[in-house]
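These notes are about the structure you will find just below.
The values are calculated or read from the model by the stated rules, or taken from the named source; none is laboratory data. Computed from a predicted model, the values in this text were never measured in an experiment. Here the Cβ is made from the backbone with ideal geometry for all residues, glycine too, and neighbour counts use every protein chain on show. With ligands, DNA and RNA removed, areas are computed over all heavy atoms of the protein, side chains included. Shrake-Rupley method; radii C 1.70, N 1.55, O 1.52, S 1.80 Å.
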Amino acid sequence: MTCTKEHLLPDLTPDSRRTITETLSNLTDYLRAGPDPAQALALFAPLVDEDTGLPIQLGDALCALARLLQDHPHAPSPIQVNLIAELRIAARELADQHVLHYVLDDLRGLYGKAVVSEPRRCQCH
């Protein structure tokens, strides 16, 4: 699927990025308060989804940043090339965290609750 302008999210702003981190902080506080495990797993599941979860999304964002820096018109210095390679390594390491999805599946099985995460609207890869 090709993303068109109407499928893209609004421009990121400092406030929208702050909202993302505040939401994660709120989830952490909620989990520390000791909610029902099935409800906690239901809230957590989309975050570690094997296709659209945070590890995959952050890994994709790091790859996109590395590509942007590599393709920038100014020729990268050897130090920049090494830093770009480090971004790509970090991206792969994050993507490897997709195993969390399977761990969560097993946990949901223990609590007898099936949770379905919502699919992403746009697959820009």
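Checking the structure you have, find out if any residue of segment 60-81 is among the basic types (Lys, Arg) and more than 30 Å from Leu110 (Cβ to Cβ). Give the derivation first.
Going residue by residue through segment 60-81, those that are among the basic types (Lys, Arg) are 67.
Adding the requirement that they be more than 30 Å from Leu110 (Cβ to Cβ) leaves 67.
Yes, segment 60-81 contains at least one residue that is among the basic types (Lys, Arg) and more than 30 Å from Leu110 (Cβ to Cβ).
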* Structure fact -> The one condition Arg17 fails out of (1) under 26 Å from Asp96 (Cβ atoms); (2) basic (Lys, Arg); (3) modelled with pLDDT of 90 or more is (3)
* Pairs, please: C-beta under 7 Å, at least 6 apart or cross-chain, first residue open to solvent by less than 100 Å² (accessible area, probe 1.4 Å) and in segment 1-30, second modelled with pLDDT under 60 and part of a loop (DSSP other than H, G, I, E, B)? -> Cys3/Cys122; Cys3/Cys124; His7/Arg121; His7/Cys122
